[in-house]
Each structure stands twice: as C-alpha cells, then as structure tokens.
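Comments concern the structure below.
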Amino acid sequence: MAYKDVYAAWKNDPEGFWMQAANAIDWDRPPSKALFDEGAPIYEWFSDAMGNACWNAVDRHVEAGRGNQLAIIHDSPITHSTKGITYAELRDRVASLAGALRAKGVGKGDRVIIYMPMIPEALEAMLACARLGAIHSVVFGGFAAHELAVRIDDAKPKAIIAASCGLEPGRVVHYKPLLDKAIEHATHKPAFTVIFQREQEVAKLIEGRDFAWHSFQYGVEPAECVPVEGNHPAYVLYTSGTTGAPKGVVRHTAGHMVALNWTMKNIYNIEAGDVFWAASDVGWVVGHSYICYAPLIAGATTIVFEGKPVGTPDAGTFWRVIQNHKVKSFFTAPTALRAIKREDPEGKLIGDYNIRSLQALFLAGERADPDTVKWAQRHLRLPVVDHWWQTETGWPIAANPLGIEELETKVGSPSVAMPGYDVQVLDEGGHPVAPGTLGAIAIKLPLPPGTLPTLWNAEDRFRKSYLTQFPGHYETGDAGYVDEDGYLYIMARTDDVINVAGHRLSTGAMEEVLASHPDVAECAVIGVADELKGQMPLGLLCLNKGTNRPHEAVVAECVKLVRDQIGPVAAFKLACVVDRLPKTRSGKILRATMVKIADGQEFKIPATIDDPAILDEIAVALKALGYPEA
Ligand code: COA
Ligand code: AMP
C-alpha cells in the first residue's frame with residue numbers, strides 16, 4: 001500500500017485503523033473499542049483494555065523464543081565499555097528490581113522518579129515500574145537539584161531511583177548530592193531511594209532512606225507483570241512550557257504501546273531482530289519512546305549510548321557504533337550532526353567504518369537545517385528523514401514513512417502527516433490558510449493513541465495551553481506552512497520555548513531565576529541563532545536603581561544562578577546589562593524584535609512600541625556581546 005492509501009484508510013475509519021494496529025499487542029483483555037470520546041474534548045484510547053507495557057516490551061519476546069537475542073546494548077565510549085543484555089536477562093533483572101520495589105510497598109499508581117544517566121539500569125528502572133503499574137517520571141541528568149525538587153513536589157513519588165553519578169566528558173556529575181539537595185528542598189519526601197552505585201563514584205547512602213541497587217534486591221521474590229487498564233498512566237514526563245512550572249505530560253499505557261509499535265515498522269522500517277539506535281537520553285521523550293519502549297515492544301535491539309557525537313573520543317564515534325552493532329536505523333538530533341560536520345567537514349571519518357548495515361538516518365528535536373541534511377545525504381548516501389514531533393505527541397506527527405513507502409524528500413520539510421494526525425495551518429482567527437502561507441500549526445481533535453490525554457494534576461492547564469486557542473484542535477505551539485503537495489515546514493515556536501542543542505527549554509523559567517538575583521529589577525531571555533546548537537539563550541538584565549556593582553560581577557552571578565537552579569543543560573552563558581527593555585505601550589516585552597536584532601534580520605518597528613529609541617540601546621548592547629555574529 002502507498003502512503004496516501006494508508007493515510008486515507010485511517011481517515012475513512014480511524015477507529016478501525018487503530019483497532020487493527022492494536023492486534024499487534026498482547027492484551028490481558030483486548031479493547032472493546034478504540035476511541036473513548038465521552039469526555040470530549042478530552043479523549044482516551046483503548047480505556048477498557050487490560051495489559052502491561054513491560055510484558056509487551058520484554059516477557060512476550062522471551063515466550064516467543066527471542067530470549068537469547070540482545071534486547072539492550074550499552075556502548076559507553078566514556079568508560080570504554082560495551083555490554084549486551086538479552087531479553088531473558090532483561091526479564092529476570094526487571095522482575096527482580098520490580099520485586100524489590102514491591103517488597104518496599106511500591107504498587108500500581110504509585111509514582112517513582114528516575115534520575116539516571118545513560119546506563120541500561122535506567123531502562124530497567126522504567127520497565128520495573130511498568131511491570132508493577134507504577135508511574136515513572138524520568139528527570140534528565142542535566143537538570144539541577146531545584147528542577148528535580150519541583151518535579152518531586154509535583155509527582156509526589158513514593159520512591160526515587162538514581163545512580164551515584166553521571167559521566168560527562170572530563171567531568172563526573174555528582175548525582176547523589178544533587179538528589180539529596182532536591183529531597184531536602186522539596187516539600188514532599190519520598191519514602192525511600194534506590195541508588196545504583198557506579199564504580200566511577202560511590203555515593204554515601206543515608207541509612208534507612210537510601211538502599212543500594214543490588215543489596216536491595218537480595219532474596220526478593222521476582223514480580224510478575226500487573227495488568228493495568230488501557231488508560232492507566234504509564235508515565236509522566238515533564239517538559240518546558242512558557243512559565244517556570246514544567247508541564248507533566250501524561251502517557252496512557254494502551255495507546256502508547258499500540259502507536260509506538262505501529263511506528264517501528266511503518267516509519268522506521270524496524271522489525272523484531274533488527275538493531276535500532278536513538279542517540280538521545282532517557283530523560284527526553286525520544287529516550288522514552290525510541291530508546292526504551294518502541295524498539296523493545298517491536299522485539300528489536302536498542303542501543304543505550306553514553307557519549308557525545310564529538311570528543312568521545314572523536315567525530316567518528318557514531319559511525320563506529322553503527323558498524324560494531326550493525327545498526328539498521330539511526331536517529332539523532334541535527335545539532336549532533338552539525339557538531340560532527342564542524343570537526344569532519346568532508347566526512348572522512350565515515351569512510352573509516354563499514355556502515356553498510358545502516359539503511360536510514362532520522363533527525364528530530366529541532367528544525368533540520370538544509371545544510372546539515374544535504375551534508376548527511378552527500379556523505380551517507382542514504383535516506384535522511386527529518387521528522388517532526390513533540391514530548392506531547394510521543395511519536396512523529398510528520399515523517400517520511402520508510403516502512404510504508406519512501407516518499408520524495410524535500411529538504412527543509414519533515415514531509416507529511418502520519419495517520420492519526422489531521423494537521424491544519426490556521427490564521428489567528430482559527431481559519432485554515434492557503435498552501436505556502438505561514439500560520440499556527442494545529443491538529444484536529446482527537447489526537448491519535450499514544451499522545452497526551454492531559455497534564456499531570458493540571459487538566460485546566462492542559463485545556464488552556466492546548467485546546468482553547470483553536471476550539472476543536474490541539475495547538476502545537478509551532479508555526480509553519482504546508483505546500484501544495486501536503487509537505488509541512490516547521491519554522492518557529494509561537495511561544496517562549498527555545499530549542500538549544502535539541503533540548504527544549506523555557507525562557508520564562510530562566511527569567512524567573514534571573515529575577516531572583518537581588519540586583520536584577522527586570523529581565524528578558526531570548527533565543528539567539530547559534531550555528532552549532534540552533535539557538536542559545538541570551539539574557540538582558542536591568543539592574544535595580546542605585547546598584548553600582550560591576551556589571552561583569554552581576555552577569556557572572558546570574559550565569560551561575562541559572563546553572564545552579566536549572567542546570568548545565570540550559571547552556572546559559574550570555575548576558576548583558578541594559579538600562580531599559582523595549583516594551584509595547586501595554587507593557588509586553590518585545591522579545592521577538594530583540595531576537596531579530598540579535599540575529600541580524602530585518603524587522604519592522606512594532607506599531608505598539610512605547611519608546612523606539614530603546615531598540616538602539618539594545619542593538620548596542622547586543623553588538624558588544626558579538627551579536628549579530630559576523
Ligand atoms: N548530565 C549532566 N550534564 C549534562 C548532561 C547530562 N545528561 N547533558 C549535558 N550536560 C551538560 C554538558 O556537560 C554541558 O555542560 P558544560 O556547560 O559544563 O559544558 C551542558 O550541559 C550543555 O550541554 P550540551 O548542550 O549537550 O552541549 P555540549 O557543548 O556539551 O555538546 C553537542 C554539544 C552538540 C555535542 C551536544 O549538545 C549534543 O550531542 N546534542 C545532541 C542532543 C540530542 O541528541 N538531543 C536529542 C534530543 S531529542
Ligand atoms: P520536544 O518536546 O523536546 O521534543 O520539542 C518539541 C519541539 O521541538 C517542537 O514543538 C518543535 O518546535 C521542535 N521540533 C522537533 N522536531 C522538529 C523538526 N523535525 N523540525 C522542526 N522543529 C522540530
């Protein structure tokens with residue numbers, strides 16, 4: 001079947017389409033129907049089914065005779081080690097961990113926060129929760145104690161599973177002290193923690209509260225999979241919104257399994273026995289969907305990579321991993337390729353490896369700039385698939401579905417809408433615009449299975465953030481256009497979210513931290529264009545009247561404050577002091593205009609501006625910081 005036929009089949013009978021996809025999942029009780037629309041505009045899928053995600057990701061493959069196949073390969077150029085875990089081993093390890101958690105009182109519906117680096121135990125922790133019906137919430141290791149504390153207070157976990165440390169090139173990330181600080185600062189206290197001690201740094205455990213990963217499992221009864229309802233939350237994953245409070249994206253179990261399984265064959269062309277690699281982190285949605293659940297549900301081998309595209313040890317690392325583990329489909333962020341391209345512009349290191357196993361490269365997480373896509377096409381001579389999605393959707397909204405049909409690639413476009421997504425480009429009034437016209441991108445409700453049904457403990461915020469602006473639609477927060485052939489072009493965010501090295505960050509959250517500095521009266525954070533990372537945050541600070549401390553000192557303290565409060569991942573290093581910020585007459589800071597000045601783009605002075613002279617002052621300050629770049 002061609003893509004257009006598959007898409008048309010979905011459109012003609014969405015419920016039939018997803019019921020058929022659901023046949024690929026093992027159910028304890030199959031769903032009686034697909035869509036549950038009684039609570040519209042809040043929708044659910046397969047709510048009356050009973051099943052277990054860990055069973056589908058692990059046990060069923062052992063039962064089907066795949067027990068000796070590798071489920072996980074851990075490849076760490078940082079520790080110079082590679083290790084494989086078969087499906088049978090994975091089942092036993094996960095059942096034992098789940099048994100130990102159960103013995104300490106963790107059960108269905110309890111939340112468990114996971115704060116771990118890129119080691120297989122992170123996946124085992126996720127799967128152990130799924131086995132019990134506990135709801136995991138993974139927090140990215142690059143976040144600081146404060147961000148972890150915010151998530152602890154929102155998720156109210158019964159337990160936290162962490163590692164003693166993470167390893168960044170040339171630096172040990174001391175997870176345990178960060179965890180201790182977060183628990184100290186949080187109002188909610190978990191009943192206990194489980195710490196995986198890594199040999200690179202053994203952490204001090206607090207007696208009675210902290211348990212060591214191995215001894216904690218001694219003598220426990222392994223746990224069986226607990227069947228849960230289709231609409232039981234599998235996990236909550238926090239993502240950046242406009243304000244400092246992160247949004248807890250909820251994922252229901254059944255739709256998650258059905259949709260992810262569908263994507264593995266149809267989008268990534270991966271089947272049981274194939275090797276799939278997503279070079280992301282378990283702390284992001286890509287890690288949840290395409291390092292952990294989707295490849296395992298499909299019975300493939302997944303790679304857990306602890307390293308960077310460059311510097312661990314060089315720009316050939318990705319190609320080595322692909323060669324050594326015979327990767328068939330590879331998924332990374334454009335920023336990683338830009339880092340490689342910068343060090344190896346001619347792609348010479350690619351030639352040092354035999355990467356014939358590789359059939360396609362997938363890119364997502366940020367806009368794939370045409371230069372990077374063309375570089376990859378030239379040097380890999382493979383389909384390079386830009387595909388577009390979000391934490392909220394959990395799987396691609398638009399892609400080139402290689403497992404159905406390889407469509408023509410249009411560089412700069414993540415291709416076409418996937419079944420399940422009726423994508424619309426709307427004007428401010430919510431009316432569809434003509435092809436080629438820029439607008440807000442929205443998706444007609446209901447969203448497909450596997451996407452967010454709501455936000456954790458925040459249904460009002462869910463409605464306000466996503467469903468109110470364009471009634472009957474989900475607002476993606478992205479702007480772009482569609483061409484005459486139905487290809488989408490994703491150009492920018494419509495909110496204050498920025499994308500730094502493929503990481504989604506909130507400028508609002510950074511502003512809240514900067515505003516807490518005693519000398520800062522007012523501030524704005526904007527995302528300026530960066531050749532490597534796509535965007536970089538830049539802070540403009542207005543100081544309190546009478547502050548006569550050196551500006552450099554205040555800037556350095558602000559940089560440190562953001563690193564300490566949000567984390568190194570914010571990559572907040574650029575800031576300057578200005579006298580005033582440009583605003584509209586109603587007091588709204590003109591961030592978009594400042595971005596244009598910093599990026600050297602043409603701009604119109606907004607008609608609503610209060611005092612246009614401030615823009616000249618901003619231009620001078622940005623120039624002193626090196627923006628626009630020469
Ligand atoms: N734990 C602790 N710290 C982390 C971290 C983690 N898991 N991940 C990143 N950091 C730190 C880095 O060490 C760095 O700290 P520094 O300021 O002390 O140098 C900071 O956060 C910024 O990290 P990053 O944005 O990754 O920049 P970098 O300069 O270290 O590397 C790239 C640049 C392009 C190589 C890197 O950003 C990269 O590989 N990006 C791809 C990201 C990706 O795959 N995203 C997928 C999302 S779908
Ligand atoms: P996240 O939730 O972290 O996955 O970030 C999602 C956001 O990243 C989207 O809303 C887009 O702004 C951006 N994004 C992700 N993939 C793409 C892509 N292929 N092209 C353009 N932007 C993308």
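The values are calculated or read from the model by the stated rules, or taken from the named source; none is laboratory data. This one's a predicted model, so the numbers in the text were calculated from it and none came from an experiment. Virtual Cβ from ideal backbone geometry, glycine too; neighbours counted across all protein chains shown. In case anyone asks, the SASA skips ligands and DNA or RNA and just uses the protein heavy atoms, side chains included. Shrake-Rupley method; radii C 1.70, N 1.55, O 1.52, S 1.80 Å.
Counting Cα-Cα pairs of region 229-274 in 10 Å increments starting at 0 gives whole-percent bin shares of 24, 32, 33, 10, 1. Net charge dipole, region 60-120: roughly 240 debye, given to the nearest 20, about the Cα centre with Cβ charges of +1 for Lys and Arg and -1 for Asp and Glu.
Couplings 3J(HN,Hα) for region 106-117, derived from phi with the Karplus relation 6.51 cos²θ - 1.76 cosθ + 1.60 (θ = phi - 60°), are 7, x, 3, x, 5, 8, 9, 8, 10, 10, 9, x Hz, where x marks Gly and Pro.
In terms of its C-alpha gyration tensor, region 321-360 has an oblate overall shape, because the principal axis ratio a/c (a ≥ b ≥ c, square roots of the eigenvalues) is not below 1.5 and a/b does not outweigh b/c. A P(r) calculated from all alpha carbon pairs of region 294-441, with 5 Å bins opening at zero, reads 2, 8, 16, 21, 20, 15, 8, 5, 4, 2, 0 percent.
About the Cα centre of the chain, what is the dipole size in debye to 20, counting +1 per Lys and Arg Cβ and -1 per Asp and Glu Cβ, all else neutral? Mind dumping the intermediate values first?
Numbers: 61 positive and 76 negative charges, 183 e Å.
Dipole about the Cα centre, nearest 20: 880 debye.
Along each principal axis, taking the top coordinate minus the bottom one, the Cα set of region 1-89 gives 51, 32, 28 Å in descending order.
Solvent exposure of the chain amounts to 39 Å² per residue of accessible area, where only protein heavy atoms count and the probe is 1.4 Å.
Set Lys and Arg Cβ to +1 and Asp and Glu Cβ to -1, take the dipole of region 333-407 about its Cα centre, and tell me which of PRO396, ASN354, VAL373 lies farthest positive. Looking along the dipole axis, the top candidate is ASN354.
Per-residue Karplus couplings for region 568-583, computed as 6.51 cos²θ - 1.76 cosθ + 1.60 with θ equal to phi - 60°, are listed in order as x, 4, 5, 6, 8, 10, 10, 7, 8, 9, 10, 6, 9, 10, x, 9 Hz, Gly and Pro entered as x.
Classify region 513-595 as rounded, prolate or oblate from the Cα gyration tensor: take a ≥ b ≥ c as the square roots of its eigenvalues, call it rounded if a/c is under 1.5, otherwise prolate when a/b beats b/c and oblate if not. Verdict is oblate for region 513-595. Taking Lys and Arg as +1 and Asp and Glu as -1, the other residues whose beta-carbon sits under 14 Å from that of PRO77 total -1. For the chain, carbon and sulfur atoms together expose 51% of the accessible surface, with a 1.4 angstrom probe and every protein chain in place. Note that region 327-344 has calculated 3J(HN,Hα) couplings of 5, 9, 10, 10, 10, 8, 9, x, 4, 5, 5, 5, 5, 5, 4, 5, 8, 9 Hz, one per residue in order, obtained from phi through the Karplus relation 6.51 cos²θ - 1.76 cosθ + 1.60 (θ = phi - 60°); glycine and proline are x.
Helical runs assigned H by DSSP (4 residues or longer) give the chain a calculated mean residue ellipticity at 222 nm of -8000 deg cm²/dmol, each run adding -39500 (n - 2.57) before division by the residue total.
Would you mind counting up the charge near ASN231? Only other residues with Cβ under 12 Å from its Cβ, with Lys and Arg at +1 and Asp and Glu at -1. Intermediate values should be presented prior to the final figure.
Working: positive: ARG251; negative: GLU38, GLU44, ASP48, GLU229.
Its environment carries a net charge of -3.
Against the empirical 2.2 N^0.38 Å scaling, what ratio does the C-alpha Rg of the chain come to? Walk me through the intermediate numbers first.
Values: Rg = 24.0 Å, N = 630, 2.2 N^0.38 = 25.5 Å.
Taking the Cα Rg and dividing by 2.2 N^0.38 Å, one obtains 0.94.
Counting only residues at least eight positions apart within a chain, or on another chain, the lysines with an alpha carbon under 17 Å from that of LYS583 are LYS596, LYS604. By the rule of a C-alpha distance below 17 Å, with chain neighbours fewer than 8 residues away ignored, the lysines paired with LYS533 are LYS308, LYS341, LYS573. Toward the positive end of the charge dipole of region 473-630, with +1 on the Cβ of Lys and Arg and -1 on the Cβ of Asp and Glu, the farthest Cα among PRO537, ALA553, GLY587 is that of ALA553.
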